[in-house]
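Novice: Handing you a structure now.
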Amino acid sequence: AAANKLVRKLVKASGSMLVQPIMSVEVAVPEEHVGAVLADISSTRLGQVRDVVTTGQGLAARHVVYAEIPLATLLGYSTALRSITSGEGQFSMEYAHHSHADQATALLD
């Protein structure tokens, strides 16, 4: 903990900035869970939803949510998604880019 505080203090003093990896995430869910997943991405995961696409029709319809989310907030997301969607949601992620770490995600360390 002391080393973490020291590094943060030195980064601030040197004028450097803290960056974090941002992941491109694709989440496929049934229609009845789209609202809950969008809310989780926007609030809990601090992500930005880029698009929502519907595939299929009727009972086979699935919504695919495309978002960019800080990697630090995705730890445990698989379990959270299963809980939100009653086990029906799937997701994949890949590295997108690095971004300045804001205070909210920097506090997750």
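Novice: In debye, nearest 20: dipole of the chain around its Cα centre with unit charges on the Cβ of K, R (+) and D, E (-)? Working shown, then result.
Specialist: Values: 8 positive and 10 negative charges, 125 e Å.
Around 600 debye, computed over the chain.
Novice: With unit charges on the beta carbon (Lys/Arg positive, Asp/Glu negative), name the residue among 75, 3, 64 whose Cα is farthest towards the positive pole of the charge dipole of the chain.
Specialist: Working it through, the farthest residue towards the positive pole turns out to be 3.
Novice: Projected onto the charge dipole of the chain (+1 at Lys/Arg Cβ, -1 at Asp/Glu Cβ, origin at the Cα centre), which of 38, 15, 54 gives the Cα projection farthest towards the positive end?
Specialist: 15
Novice: Using a 1.4 Å probe on the protein heavy atoms only, what accessible surface does residue 84 show? Give it in Å² to the nearest 10.
Specialist: 50
Novice: Under the rule a/c < 1.5 gives rounded, and otherwise a/b versus b/c splits prolate from oblate, where does the chain land using the Cα gyration tensor? Display every interim value, and only then the final one.
Specialist: Details: a/c = 3.57, a/b = 2.51, b/c = 1.42.
Prolate.
Novice: I've got another one for you. Taking the Cα centre of region 2-59 as origin and charging only Cβ (+1 Lys, Arg; -1 Asp, Glu), how large is the dipole, in debye to the nearest 20? Before the final figure, lay out each step's value.
Specialist: On the way: 6 positive and 5 negative charges, 159 e Å.
So the dipole magnitude of region 2-59 works out to roughly 760 debye.
Novice: What percent do you get for the relative contact order of the chain when only Cα pairs under 8 Å and 6+ apart count? Please report the intermediate quantities before stating the final value.
Specialist: Working: 167 pairs, mean separation 40.9, N = 109.
This gives 38 percent for the chain.
Novice: Which order do 51, 40 take when ranked by solvent-accessible area (1.4 Å probe, heavy atoms of all protein chains), largest first?
Specialist: Values: 51 75, 40 20 Å².
From most exposed to least exposed: 51, 40.
The values are calculated or read from the model by the stated rules, or taken from the named source; none is laboratory data. Just so it is clear, the model here is predicted, and its values are computed rather than measured. Note: ideal-geometry Cβ built from the backbone for every residue, glycine included; neighbour counts use all protein chains shown. The area values use the complete protein model at the heavy-atom level, side chains included, leaving out ligands, DNA and RNA. Shrake-Rupley method; radii C 1.70, N 1.55, O 1.52, S 1.80 Å.
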